[in-house]
């Protein structure tokens with residue numbers, strides 16, 4: 001599908017299992033380590049280690065492919081998770097993870113744009129495309145996400161795009177190194193939500 005926001009037309013598709021390693025590299029480059037500091041979404045000051053790994057991403061990518069028979073061909077029996085991707089001449093430029101929840105809700109996470117491509121409208125276009133995909137394919141009416149509470153600038157970015165703080169907070173998984181190595185003891189998540197229009 002193609003979405004257009006702020007003059008940026010974006011074609012997205014479900015990712016394939018063979019792209020797990022490349023997606024892991026993309027996500028980790030945008031959130032962790034020295035490379036992430038080329039963009040503004042870095043969490044390097046809050047967390048070390050990895051943001052995700054190929055094995056975890058491959059499980060999501062396989063589940064979507066297995067649930068449909070072929071990645072990109074969705075149906076009423078499709079699996080409840082998908083990683084949507086956009087590619088350019090260089091390769092994977094951005095991605096986002098969606099998970100279907102009960103009662104016409106969905107969870108959006110891991111919104112990622114290649115660090116050198118940030119602040120050019122690509123993240124906003126990807127967010128809009130993901131919302132449209134979830135509305136069309138799953139009938140989503142309410143999109144939810146969690147953001148580390150200390151990421152005030154990121155929360156503000158989502159608020160400018162219609163998301164609101166729900167008042168719900170969730171603990172950070174300090175005991176699971178798969179999500180990173182915390183550099184401070186006060187991390188937690190805020191839950192944001194946005195009502196989506198009907199398709």
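Per-residue answers, yes or no, for (1) over 24 Å from residue 147 (Cα atoms); (2) crowded, with 19+ Cβ neighbours inside 10 Å; (3) in contact with a strand residue (DSSP E or B) (Cβ under 9 Å, 6 or more places away or on another chain); (4) modelled with pLDDT under 95:
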| position | (1), (2), (3), (4) |
| --- | --- |
| 1 | yes, no, yes, yes |
| 32 | no, yes, yes, yes |
| 45 | no, no, no, yes |
| 61 | no, yes, yes, yes |
| 91 | yes, no, no, yes |
| 97 | no, yes, yes, no |
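Residues of the stretch 136-177 being in contact (Cβ under 8 Å) with a residue 60 or more places away in the chain, at negative phi and assigned to a loop (DSSP other than H, G, I, E, B), which ones?
Passing the criteria: 150, 151.
Got a number for residues in the stretch 178-199 being part of a loop (DSSP other than H, G, I, E, B) and either in contact with a helix residue (DSSP H, G or I) (Cβ under 9 Å, 6 or more places away or on another chain) or surrounded by 11 or more Cβ atoms within 10 Å (Cβ to Cβ) (or both)?
Number satisfying all stated conditions: 7.
List the number of the failed condition for residue 156; all other conditions in (1) at pLDDT 95 or above; (2) surrounded by fewer than 18 Cβ atoms within 10 Å (Cβ to Cβ); (3) under 17 Å from residue 109 (Cβ atoms) hold.
Residue 156 satisfies every listed condition except (3).
The values are calculated or read from the model by the stated rules, or taken from the named source; none is laboratory data. Small disclaimer: the values here were computed from a predicted structure and weren't measured. Heads up, the Cβs are rebuilt from the backbone with ideal geometry, glycines too, and the neighbour counts pull from every protein chain shown.
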